[in-house]
Amino acid sequence: MTITEADRHTGGSFKLSFEFFPPKNADMDVQLWETVEELSRWNPDFVSVTYGAGGSTKAPTLQAVQRMISVADLPTASHLTCVDASKQDVHDVVQEFTAAGVKHFVALRGDPSTGIGTDYKPHPQGYENAAALVRGLRDIGDFEISVSAYPEKHPESESDAVDIDMLKRKADNGATRALTQFFFDNEIFERYMERVTKAGITIPVVPGIMPIQNLTQLKRFAGRCGTSVPAFLDERFAGLDDEPTARARVAAEVAAEQILDLQRRGINEFHLYTMNRAPLVNAVLENVGFRPLRRSAA
Ligand code: FAD
């Protein structure tokens with residue numbers, strides 16, 4: 001598929017959000033803030049900052065979130081996990097983030113500090129899963145609460161039905177939006193949305209879009225997350241290992257085509273995994289032809 005002028009988005013209402021991760025060193029810190037500044041021009045509905053396993057990035061997440069709110073003036077959600085934490089630990093963290101101006105949490109169970117796919121055990125005094133965490137947050141304050149959703153099911157879920165049931169529990173407990181794991185096959189997303197609707201889940205389920213910086217690395221990560229990588233991606237990136245410019249062009253086309261196809265299926269809200277880099281995200285959104293509305297008018 002190639003993108004024609006007729007495909008490009010020419011107005012109307014849509015929403016974008018961008019996901020960042022907290023920097024691990026001074027160079028990454030500089031890169032993050034350059035990226036945030038560049039991507040601000042798209043007037044995202046909100047941005048979010050991830051939270052590391054076992055609370056390992058609380059301080060850098062808090063610092064990044066604080067700066068996004070007070071300096072960059074962006075509506076900012078903090079991811080929050082309950083793995084390896086008692087309820088009291090979680091409440092203390094929520095208090096700190098709230099004091100920094102956070103009104104929106106992305107509430108997650110999280111993965112054990114031993115890694116994805118290793119046996120998850122809730123903290124004895126903690127929340128047992130994300131649904132329980134959502135309920136806990138709801139009891140603490142009037143937050144906007146986003147949660148995860150898995151179009152190809154979470155790798156630990158025994159079935160699609162169990163997976164959808166967890167999303168339903170999160171919505172019933174007060175989640176206001178779901179952000180999906182990244183996926184590359186829009187048919188899978190459409191079938192997932194049919195199951196979501198059938199289950200009576202009415203919160204918006206926003207597709208997570210991952211522009212592909214490096215297909216080989218992405219395949220490794222996707223394998224751990226349970227995301228399938230369709231064969232057409234091998235074809236599109238074939239022979240481009242040593243051609244960074246052509247690779248970036250293809251990556252921007254592939255993600256833009258995915259967004260445009262989702263728009264044709266009636267989706268107008270997108271969560272982009274930025275990997276803290278602006279050029280590819282800019283190229284994707286330019287390819288799509290987005291003309292972001294000003295936030296105040298959205
Ligand atoms: P839940 O919603 O509680 O569960 C997800 C699914 O797994 C459910 O379908 C459930 O049935 C199944 N499941 C859960 N527990 C079990 C169990 N014990 N046995 C069997 N099945 C089970 N991780 C981070 O560490 N930090 C982040 O900032 C972060 N951000 C994310 C943002 C998004 C948009 C997404 C999609 C994921 C993110 N993750 C993050 C990853 C997430 O923490 C992991 O996928 C984790 O394994 C599950 O967390 P959850 O909130 O999705 O779990």
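Which residues, taken from the stretch 142-183, are in a loop (DSSP other than H, G, I, E, B) and either at positive phi or in contact (Cβ under 8 Å) with a residue 60 or more places away in the chain (or both)?
Tyr150, Glu152, Lys153, His154, Pro155, Gly174, Ala175
Being touching a helix residue (DSSP H, G or I) at 6+ places or on another chain (Cβ under 7 Å) and among the acidic types (Asp, Glu) is the filter; apply it to the stretch 242-289 and report the residue that is least open to solvent (accessible area, probe 1.4 Å).
Asp261
How many residues are in contact with a strand residue (DSSP E or B) (Cβ under 7 Å, 6 or more places away or on another chain) and either hydroxyl-bearing (Ser, Thr, Tyr) or over 29 Å from Lys103 (Cβ atoms) (or both) when one looks only at the stretch 155-200?
Adding up the residues that qualify gives 2.
Given (1) over 30 Å from Val250 (Cβ atoms); (2) modelled with pLDDT under 95; (3) under 20 Å from the mean Cα position of the chain (by Cα); (4) part of a loop (DSSP other than H, G, I, E, B), identify the lone condition not met by Pro60.
(4)
Look through Ala72, Ala59 and report the one residue that is over 20 Å from Leu16 (Cα atoms) and not charged (D, E, K, R).
The match here is Ala59.
Is it true that Gly226 is surrounded by 17 or more Cβ atoms within 10 Å (Cβ to Cβ), in contact (Cβ under 8 Å) with a residue 60 or more places away in the chain and within 26 Å of Phe14 (Cβ to Cβ)?
Taking the combined requirement at face value, the residue does not satisfy it.
Return the only residue of Gly208, Gly136 being at pLDDT 95 or above, within 14 Å of the ligand (Cβ to nearest atom), small (Gly, Ala, Ser) and surrounded by fewer than 20 Cβ atoms within 10 Å (Cβ to Cβ).
Gly136
When you go through Glu235, Glu194, Glu158 one by one, which is the residue that is within 12 Å of the ligand (Cβ to nearest atom), more than 19 Å from the chain's Cα centre (by Cα) and open to solvent by 60 Å² or more (accessible area, probe 1.4 Å)?
Criteria check complete, one pass: Glu158.
Determine whether Ala64 is in contact with a helix residue (DSSP H, G or I) (Cβ under 8 Å, 6 or more places away or on another chain) and either farther than 15 Å from Gly110 by Cβ or crowded, with 19+ Cβ neighbours inside 10 Å (or both).
Here the answer is yes, as Ala64 does meet what is asked.
Inspect the stretch 193-208 for any residue being under 19 Å from Val36 (Cα atoms) and touching a residue at least 60 places away in the same chain (Cβ under 8 Å) and give the result as yes or no.
yes
If you scan the stretch 123-133, which residues turn out to be assigned to a loop (DSSP other than H, G, I, E, B) and either near the ligand (Cβ under 8 Å from one of its atoms) or without any contact (Cβ under 8 Å) to a residue 40 or more places away in the chain (or both)?
If the condition is that a residue be assigned to a loop (DSSP other than H, G, I, E, B) and either near the ligand (Cβ under 8 Å from one of its atoms) or without any contact (Cβ under 8 Å) to a residue 40 or more places away in the chain (or both), then Pro124, Gln125, Glu128, Asn129 are the ones that fit.
Return the total of residues in the stretch 85-100 being open to solvent by less than 30 Å² (accessible area, probe 1.4 Å), of a type outside the set (A, V, I, L, M) and more than 12 Å from Tyr127 (Cβ to Cβ).
Residues in the stretch 85-100 being open to solvent by less than 30 Å² (accessible area, probe 1.4 Å), of a type outside the set (A, V, I, L, M) and more than 12 Å from Tyr127 (Cβ to Cβ): 1 in total.
Where residues in the stretch 164-175 are over 15 Å from Pro207 (Cα atoms) and not small (Gly, Ala, Ser), which of them is nearest to the ligand (Cβ to nearest atom)?
If we take residues in the stretch 164-175 being over 15 Å from Pro207 (Cα atoms) and not small (Gly, Ala, Ser), then Met166 is nearest to the ligand (Cβ to nearest atom).
Kindly indicate which of Ala85, Ala99 is of a type in the set (A, V, I, L, M) and touching a helix residue (DSSP H, G or I) at 6+ places or on another chain (Cβ under 7 Å).
The conditions single out Ala85.
What's the number of the only condition in (1) open to solvent by less than 20 Å² (accessible area, probe 1.4 Å); (2) among the aromatic types (Phe, Trp, Tyr); (3) within 13 Å of the ligand (Cβ to nearest atom) that Trp42 fails to meet?
Answer for Trp42: the failing condition is (3).
Residues Val93, Val36: which one is closer than 30 Å to Ala132 by Cα, aliphatic (A, V, I, L, M) and not in a loop (DSSP other than H, G, I, E, B)?
Val93
Those residues that are in contact with a strand residue (DSSP E or B) (Cβ under 6 Å, 6 or more places away or on another chain) and either away from the ligand (no atom under 16 Å from the Cβ) or not aromatic (Phe, Trp, Tyr) (or both), I need them from the stretch 81-102; list them, please.
Thr81, Val102
The values are calculated or read from the model by the stated rules, or taken from the named source; none is laboratory data. Quantities reported herein were computed from a predicted structural model and do not represent experimental measurements. Virtual Cβ from ideal backbone geometry, glycine too; neighbours counted across all protein chains shown. Ligands, DNA and RNA are excluded from the accessible area calculation, which covers all protein heavy atoms including side chains. Shrake-Rupley method; radii C 1.70, N 1.55, O 1.52, S 1.80 Å.
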